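Below is one structure, written out as structure tokens, with a few remarks after it.
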Amino acid sequence: MPIASVNPATGETFASFPPLSARELEEKLHFAEDAFRVHRKTSFARRAECLNRAAQILEAESDRFGAIMTAEMGKTFVSAVAEAKKCATGCRYYAEHGASQLADEVIATNAARSFIRYQPLGAILAIMPWNFPFWQVFRFAAPALMAGNVALLKHASNVPQCALAIEDILTRAGFHSGVFQTLLIESGAVGELLGDRRIAAATLTGSESAGQAVASRAGHHIKKTVLELGGSDPFIVLPSTNLKAAVLAAVNARTINNGQSCIAAKRFIVAHSVYDEFEMEFVQAMAALVVGDPMRPDTQVGPLATARIRSELDDQVSRARKDGAKLRTGGTCIPGPGNYYRPTVLADVPRSSPIFYEEFFGPVAMLFRARDAAEALEVANDSPFGLGASVWTNDPGEIAFFVDGIEAGQVFINCPVASDPRLPFGGIKRSGYGRELSAAGIREFVNMKTVWCQ
């Protein structure tokens, strides 16, 4: 894929960038190695100052950064501005808590003194996706830089201006030159890069196939990876909940980021006694969504990021219908320029269909009827993914049942799944491994060194 900015709302290519030459890439790797020697010796207070300045820049220029995101990948401008501001929150969280999260941890043993010291590893390669082009990067970069690592960003090829803007933010924030660098390289160059001795570890947010490729290559070189991959999150609705609130949340949870989010709710599993009412209201609300220019403040769903993504989504819907799924609304591309797709609801996708086990990366919801809580849990867990789950019930027994029984990295009760800097974020099964955010995230890329003093 060429490194270029293509407006998903119009199809216009408005910027393109040549990939780094071998010599340019070597210079950046050398620069990162030198920067690490300096950065690892800086104080936590100094790193926190830089993160706080980055937060100030993100907030002060959020409209500009939002416009870049919208132009490159199509999310609504309102949500793009909010994303920039969320990055500021992430920076401030680690500026405030990073030092204590990495402080020496004293352990009582029969030694005179024993403790754990957390030390940085070196240059971390971050392979990041286009769907949250700022947040995905900052939720890695803020803890990694606070820990004393340096970062090399290989961003998705369709958001190069986002990648360059992030490097500029962190440079202006005061981080030493070379501490954070954007690598404008093609995906094919990642494998060899992972083998370079100066790359200490890697993190990837993306597809299963990309995760497999990166993990296997890094494993060959015995380098740690953190993977945040796909998701087909269940959204479970039970009779004791407020149904109208659940419907409103369900629509927002399915169409966040134009439906292109790994933690977007995708499978709506509804108890039999409230299914018909939920389906009627949910379908009506999905059909009424305003689809259009992502820069308009009243737009609720913008274009999909690329024409290929729209084509693949439409093919999935067609295959589901051929396998027996019932189309309740949508199901077609919107004619004209741009990668627009009608918000879609499919009911009763049979388990015999491969689509039942696939992830829809766009505004397409699957509806399922469950006899009771036990069957809802069984359907929810019948998935190769295990990223998040949202459960809607006011029954204490059911809450305990699902918190314990859901096979996922996170369970949210009576609210949609979301990422929060204070809490670990990540999945199980084919949704990946490792954690981002919170104390768990900052400790992923450090040497947990045991010290014993006799």
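The values are calculated or read from the model by the stated rules, or taken from the named source; none is laboratory data. Since we're looking at a predicted model, the values are computed, not measured. Here Cβ is always computed from backbone atoms with ideal geometry, including for glycine, and neighbour counts include all displayed protein chains. The protein model used for the area step is the full one, side chains on, heavy atoms only, and it has no ligands, DNA or RNA in it. Shrake-Rupley method; radii C 1.70, N 1.55, O 1.52, S 1.80 Å.
A few points about this structure:
- Set of lysines with alpha-carbon distance to residue 86 below 21 Å, sequence-local pairs under 8 removed: 75
- Beta bridges assigned by DSSP with both partners in region 83-216 are antiparallel in approximately 15 percent of cases.
- Compared with the dominant Cα axis of the chain, that is its longest principal axis, helix 135-146 is turned about 30°.
- For the chain, the longest principal axis of the C-alpha atoms and the axis of helix 208-220 are separated by about 30°.
- Relative packing of peptides 83-95, 134-146, 234-246 - highest average C-beta neighbours within 10 Å first: 134-146, 83-95, 234-246
- Debye intensity ratio I(q)/I(0), log10, region 332-442, q values 0.10 Å⁻¹ (C-alpha model): -0.38
- The three principal axes of the Cα atoms in region 106-237 give end-to-end lengths of 56, 45, 38 Å, sorted in falling order.
- For region 186-191, 3J(HN,Hα) computed residue by residue from phi via the Karplus equation (6.51, -1.76, 1.60; θ = phi - 60°) reads 7, 4, x, 8, 5, x Hz, glycine and proline entered as x.
- Virtual spin-label span in nm between residue 22 and residue 103, 7 Å along Cα→Cβ: 5.0 nm
- Karplus (6.51, -1.76, 1.60) ³J(HN,Hα), θ = phi - 60°, over region 291-299, in Hz, Gly and Pro reported as x: 9, x, 3, x, 7, 6, x, 8, 6
- Phi to ³J(HN,Hα) by Karplus 6.51 cos²θ - 1.76 cosθ + 1.60 over region 171-182, Hz, x for Gly, Pro: 5, 5, 5, x, 5, 4, 3, x, 5, 10, 10, 8
- Counting DSSP beta bridges with both ends in the chain, the antiparallel % (nearest 5): 35 percent
- Helix 243-255 vs. the chain, principal-axis angle (Cα, 0 to 90°, nearest 10): 60 degrees
- Adding -39500 (n - 2.57) for every DSSP H run of four residues or longer, then dividing by how many residues the chain holds, sets the calculated 222 nm ellipticity at -13000 deg cm²/dmol.
- Ignoring lysines fewer than eight residues from residue 429 along the same chain, the ones with Cα atoms less than 20 angstrom from its Cα are 224, 266.
- Loop trypsin sites (Lys or Arg not before Pro), region 291-394, which have at most 15 other Cβ atoms in a 10 Å radius of their Cβ (DSSP): 351, 371
- Percent of C-alpha pairs per 5 Å bin in region 257-359, short distances first: 2, 11, 20, 24, 22, 12, 5, 2, 0.
- Percent antiparallel among DSSP beta bridges (both partners in region 229-351, rounded to 5): 40 percent
- Length gained on full extension, residue 319 to residue 332, computed as 0.36 nm times the residue gap minus the Cα-Cα distance: 3.4 nm.
- Of the chymotrypsin sites (Phe, Trp or Tyr not before Pro) found in region 259-323, no site is in coil according to DSSP while having at most 16 other Cβ atoms within 10 Å of its Cβ.
- Förster radius 25 Å - calculated FRET efficiency between residue 67 and residue 298, Cβ distance, rounded to 0.05: 0.90
- Å² of accessible area per residue within region 169-257, as computed with a 1.4 Å probe and no ligands counted: 37 Å²
- Once the convex hull of all Cα atoms in the chain is built, its volume per residue stands at 149 Å³.
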